[in-house]
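As structure tokens, the structure follows; a few thoughts come after it.
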Amino acid sequence: MKMDLGEWNAGGNAAQDDPAMPDHRPLAIEARGLVKRFDGFTAVDGVDLSVPEGVIYGVLGPNGAGKTTTLRMLLGIIDPDAGLRRVLGSERPHDVSHLIGYLPEERGLYPSMKAVDAIAFVGALRGLPLAEGRRRGRALLEEHGLGHAADRQIRQLSKGMAQQVQILSTLVHEPRLVIFDEPFSGLDAINQGRLEKMMRALAARGTTVIFSTHVIAHAERLCDGIAIIAGGKVPFAGSVDLARDRIPAQVRLETRQADGPWRSALPTNARAETKRDGSTFFYFPLPESGIEPLLKALVEGEAGILSLSIERAGLHDAFVAIAGEAAARALEENPEEEGRR
Amino acid sequence: MSGGQMAGGRLSLLSAALVVARRDFAAILLSRSFIFFLIGPLFPLVVGALASGVGQRVEANAARPVLGVAMSESEGTAITGAARRLAPELGEALPELAVIAVVPDGTRIDAGAVLKQKQAQVSAVLSGTRAAPVLTGPKELIDDWRGPVALLAATARGEGPRHYPAVTLAASASVPVDNRIGRMRTAQAGQTLLFLLTMVLAGMVLSNLVEEKANKIIEILAAAVPMDAVFLGKLFAMLAISFVGIAVWGATIGTVMLIGGRSLAELTSPAVGWPLFIALGIAYFAMAYLLLGAVFLTIGSMAATVREVQTLSMPVTMAQLMVFFFASYAVASPGSALERTAAVVPFSSPFTMLARAAQDSDLTQHAIALCWQAAWVALIVKLGAGLFRRRVMKSGPARVRPARKGQAAA
């Protein structure tokens, strides 16, 4: 199949247009119009990504949305049918593979290898001399409380420990870019917390961390930027704040009076709920003019304000608004993940 | 750890292949499967011995050296009659006789010219008369046959053990038919060994890759190094393992032969000589294995399960058998169009060229053939890696269920 590689100027840089994303940093990942088809099925359909160096970036979407295929294209495991990719400045990902760490969704290590050797082997694949890999591997295992397991075979470790060994193996060569595919799946809550901490530490020292997930909470807690992916397309890429801003903040107003001349100051789409005690709740999107003019009208109209709050939309609501109800439901159901657990 | 302090750098294709090879080599060498690998060839050897129908075509011709009789009618009849009389007592101690020419009394035949003719199919020629027999042929052979021929001549003259005529020996400088047949036998032995080794190893490299897919390690490898390097690494590792195996088998067979008082000398010396023949054998074995291994790796990389691997590899195994039979058949007709085709077709080329090394002393052709085969290895590895990247590693398609009406409205 002939690849249509296009030109780099075809797309804009979402990260540079996003006030919440650091625009002064070089890009760790650039992708323009990535397309991948399998047996007539388009798994990835024109994906654009711009990930600045040193950020934590989430690729958020339900299973089968195209997350793994996108990551595999960025890593050079598979080639795109169309589009361009540039990883750490190189259009050939394997040329910079010594600067990249990767944790695949389907975890795997050689069962007969010792933990320290497994780490050193992955390091060796990334250009780290074997002896240095063993030294660093032992240090990493000690640092993460697994020193006692260094000389045990992978088959002798628990699933969780083996998973931790594999995560450490992605870091042994001290990469500039780490790509985790569904890193939290299969981990218990304690180890999920440890992994989150590790990801933050990596970003703090300048390593770019990209991870795919179908769990909105992880993306919301960790990410500087996200790409929402659904049906092989990326309907949104930018900061978490920018995603939330797709939905106007909601105003929740409680008044003593149910009606009065001040009602004309409320937006026409305001929804009202009168309580038994006579107080009334109004829900409406924050007006473009802001809250101050409204507040002034309410005070002057003696509405009797009991409470007023402005609630910013969560990432879940943003995801629903951006990717649609069906994708959001697939994200929540996630039958494959449940099956694995 | 301090960030960004790299102790290594980007690996070249060969270095990456060696990292993969080193791991595989160590893992296989220290595994139980290596023991099975060492004893594995016994089974196909037995099967090969039973099924070598093609080999029998050559073997039948090479069973016993034949002494051609080129004498006058009366002399020839007397000699063959003497052979018949002595046969019940002496059996195979006498050479097998075949009358190849009847010459007029008093005429001498150019026995050396007769030997050079391929159609003659004899190893030496007996000419002259009963009273003054002349034996023409390779020195070692006519030395061996001097006594039996003297006995035949004496018996033919009715003088029994009382008087033996002097046998004139004429050593032939030309390559005798016996040598050609012997070299065919050497060639075929080399081919069979090559075939059995490649089949065992290609199967092992296939299992190795399938195991790797089952362990989910393939994606880690594919992300870190180009797939070409993974393929090459696996092929190199198994090749190194095979050399260990060959060393063990060689030492074992050598010891057994020494104990049994037998040696390679029982096979006719190949045209290029034993040291070079063995060196070329190793080189052609490497090529045959790399070619077949690369095909099997491609299959292994695309198959998801062991069952799929078995299904996919069956036609390749059968095709490889056909290639072996093709090469074995071709070796019986050196220089023919069939043999030349077998030398050019990449998969039969190593087998055919090894046979040529046994029969023909020209070395240039081997250099060309090895380059040709290496180019095909590179091409198949490249194709296999490309196929892997295009067809493997696909995630499941999106299965987003359409929203139910009620939920959609909400």
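Of all the numbered requirements in (1) hydrophobic (A, V, I, L, M, F, W, C); (2) part of a strand (DSSP E or B); (3) modelled with pLDDT of 85 or more, residue B:166 misses one, and that requirement is (2).
A quick yes/no check of all residues on (1) within 18 Å of the chain's Cα centre (by Cα); (2) assigned to a strand (DSSP E or B); (3) of a type in the set (D, E, K, R):
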{"site": "A:198", "(1), (2), (3)": "yes, no, no"}
{"site": "A:209", "(1), (2), (3)": "yes, yes, no"}
{"site": "A:252", "(1), (2), (3)": "no, yes, yes"}
{"site": "A:268", "(1), (2), (3)": "no, no, no"}
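Annotation note: of A:32, A:37, the sole residue that is farther than 25 Å from residue A:316 by Cβ, in contact with an Asp or Glu (Cβ under 8 Å, 6 or more places away or on another chain) and either away from chain B (no Cβ under 14 Å) or not in a strand (DSSP E or B) (or both) is A:32. Within the stretch B:248-274, restricting attention to residues that are over 20 Å from the mean Cα position of the chain (by Cα) and surrounded by 10 or more Cβ atoms within 10 Å (Cβ to Cβ), which residue is modelled with the lowest pLDDT? Here the residue is B:262.
Criterion applied to A:127, A:89 was being touching a His at 6+ places or on another chain (Cβ under 8 Å) and either under 18 Å from residue A:208 (Cβ atoms) or not hydroxyl-bearing (Ser, Thr, Tyr) (or both), and the one residue passing it is A:127. Screening the candidates A:6, A:83 for the property of being at pLDDT 90 or above and touching a strand residue (DSSP E or B) at 6+ places or on another chain (Cβ under 7 Å) yields one hit, A:83.
Each row is one residue, and each column tells you yes or no for (1) outside the structural domain of residue A:31 (by TED's automatic domain parsing); (2) at pLDDT below 90.
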residue	(1), (2)
A:196	no, no
A:199	no, no
A:205	no, no
A:213	no, no
A:234	no, no
A:255	yes, no
A:260	yes, yes
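The single condition among (1) farther than 30 Å from residue A:128 by Cβ; (2) at pLDDT 90 or above that residue A:176 does not satisfy is (1). For the stretch A:79-89, indicate whether the set of residues that are surrounded by 21 or more Cβ atoms within 10 Å (Cβ to Cβ) and at the interface with chain B (Cβ under 8 Å from one of its Cβ atoms) is non-empty. The answer is no, given that none of the residues of the stretch A:79-89 is surrounded by 21 or more Cβ atoms within 10 Å (Cβ to Cβ) and at the interface with chain B (Cβ under 8 Å from one of its Cβ atoms). Here residue A:311 clears all of (1) without any contact (Cβ under 8 Å) to a residue 60 or more places away in the chain; (2) surrounded by 10 or more Cβ atoms within 10 Å (Cβ to Cβ) except the condition numbered (1).
As a summary of the residue check, residue A:59 satisfies the conditions (1) touching a residue at least 60 places away in the same chain (Cβ under 8 Å); (2) within 11 Å of another protein chain (Cβ to nearest Cβ); (3) of a type outside the set (D, E, K, R) except for the one numbered (2).
Of the residues in the stretch A:102-123, how many are surrounded by fewer than 22 Cβ atoms within 10 Å (Cβ to Cβ), touching a helix residue (DSSP H, G or I) at 6+ places or on another chain (Cβ under 7 Å) and either more than 9 Å from every other protein chain (Cβ to nearest Cβ) or more than 15 Å from residue A:185 (Cα to Cα) (or both)? Of the residues in the stretch A:102-123, 4 are surrounded by fewer than 22 Cβ atoms within 10 Å (Cβ to Cβ), touching a helix residue (DSSP H, G or I) at 6+ places or on another chain (Cβ under 7 Å) and either more than 9 Å from every other protein chain (Cβ to nearest Cβ) or more than 15 Å from residue A:185 (Cα to Cα) (or both).
Within the stretch B:122-138, the presence of a residue that is surrounded by fewer than 18 Cβ atoms within 10 Å (Cβ to Cβ) and either at pLDDT below 80 or outside the structural domain of residue B:169 (by TED's automatic domain parsing) (or both) is excluded.
Taking the listed residues B:196, B:221, B:206, the one that is more than 14 Å from chain A (Cβ to nearest Cβ), modelled with pLDDT of 75 or more and over 30 Å from residue B:79 (Cβ atoms) is B:196, with no other qualifying.
The values are calculated or read from the model by the stated rules, or taken from the named source; none is laboratory data. Since the model is a prediction, treat every value here as computed from it, not as a measurement. Please note: Cβ atoms are built from the backbone with ideal geometry, for glycine as well, and neighbour counts cover all protein chains shown.
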